[in-house]
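Encoded as structure tokens, the structure appears first; notes follow it.
Computed from the coordinates by the stated procedures, all read-outs in this text should not be read as laboratory data. Here the structure is a predicted model, which is why all the values come from computation and not from measurement. Glycine gets a Cβ as well: all are built from the backbone with ideal geometry, and neighbour counts include every protein chain shown.
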Amino acid sequence: MIEPSQTWRWRPYSAHRSVLQDWTNTLSFMMQSVLICATRGPDGIRKDHPVKVLIRFLRRSFLICAFDGKVRWSPYEEGGGSFTGPLNLQGLGPSEGHIDKFPEIYLRHVDELPHHFQLHLMHAAEILGYKHPDDDVRRFWLGFYRAIVNDAHLNPETEEQMDRRLGDNEASWRAAEGGVTAL
């Protein structure tokens, strides 16, 4: 049998910790799973594509930065490497270097992205928009979620509807899915 000490090199700040920020422990397992699924950017997209920048902010919104074990909610704070690093918004259209302009920039490029990825990102943005503990981060992601929903000509889910659908209750989940989810 392989002992954990043989397979993991523990750092003082990560011993017996998750990569997820502590606040995510208040989320259901289904919500945590949705966030984790959204951390991978779409394949086949260039490194400087606007969605790659946005995914770095998504990751830093709920993951602990691996290099130093810090939580960084600001999209501009230095640190985090290329996975959860600060956002470089220069050269990405009329962002004026500010994240609040990003939903518009993202939606201008949405046809370049796989629809399946778009859904993962939309649902992660919804969770962050309703549940993140920081007002600015929550406001950004809720606005982003609503922009995606509006662009797709859909109605946004309320927080209560999301809680019911992703509340770790199979009957509620099946009812919300309307029988379209594969078993």
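In this structure, residue 39 and residue 108 have a Cβ-Cβ separation that, at R0 = 30 Å, corresponds to a calculated FRET efficiency of about 0.80.
What's the long-distance tail for segment 106-170, i.e. % of Cα pairs beyond 21 Å? When every Cα pair of segment 106-170 is considered, 24 percent fall beyond 21 Å. Taking a straight line from the alpha carbon of residue 70, these aspartates and glutamates sit under 16 Å away, with near neighbours fewer than eight places off in the same chain left out: 22, 78, 134.
How much length, in nm to one decimal, is gained on full extension between residue 22 and residue 101, taken as 0.36 nm per residue of separation minus their Cα-Cα distance?
Numbers: separation 79, 0.36 × 79 = 28.44 nm, distance 2.86 nm.
Going from the current span to full extension adds 25.6 nm.
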